[in-house]
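Below is one structure; the comments refer to it alone.
Throughout, read-outs are computed from the coordinates displayed, never taken from laboratory work. Not measured: the values here are computed from a predicted model. Cβ coordinates were reconstructed from backbone atoms using ideal geometry, including for glycine residues, and neighbour counts include every protein chain displayed.
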């Protein structure tokens, strides 16, 4: 379970960063940034914060609402950034994820002194010093909160996209390559939101050129 051990290793404002949407074939990659300004938060939030992938959709939604409440109280702040499918195709998913994280940092009401980034890769250029934390969304409260913010926000984006592009199951699969997504591609083709550099989509694009 996460705790504040990594945050306590640094002085000043420490932000947790995580992304959602590296694997899907469609839509943006979304990054969340979360800062605990103080520890006077609802104990329920700390009790249930964890890697967003380990939580039910209902629990993620509930925790996101609690994060927003803590932000309104001044105990936390959070930011959300994204990079489009077009940007992912232009620069690759890793660099697009870092771009989304930079944009999430820009949305914060406070300037961090250190960033804890989930994973094992660091951006070459960033607005503050940063440290990788492998499986950080299971180890750090800040990264866990960021993972929930990113996941819930992106799921809502994909639900909206499902209304614009029905027939692919985006509201259920979040853009991953599930059976209903593949059937939608076979029936309707790709949308402007598909990542053309991803192999299954690239194959469809290449087949059209033949």
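Quick notes on this one:
- For the chain, the longest principal axis of the C-alpha atoms and the axis of helix 57-73 are separated by about 50°.
- Note on the chain: with a GNM built from Cα contacts shorter than 10 Å, the maximum mean-square fluctuation among 177, 81, 12 falls on 12.
- Radius of gyration and maximum dimension Dmax of the chain, Cα, Å: 17.6, 61
- Most fluctuating residue given options 140, 102, 56, as computed from a GNM of the chain linking Cα atoms under 10 Å: 56
- Gaussian network model of the chain, springs between alpha carbon atoms under 10 Å - residue of 57, 124, 107 with greatest fluctuation: 124
- Residue-averaged 222 nm ellipticity for the chain, from DSSP H runs of 4+ at -39500 (n - 2.57), nearest 500: -13500 deg cm²/dmol
- The separation of the range 149-167 from the range 85-127, counted between C-alpha centres, amounts to 21 Å.
- Size check on the range 23-62: the Cα extents along the three principal axes, sorted descending, read 40, 22, 13 Å.
- Take the Cα of residue 5, go 7 Å toward its beta carbon, and the backbone nitrogen atoms of the range 36-52 under 20 Å from that spot belong to 36, 39, 46-52.
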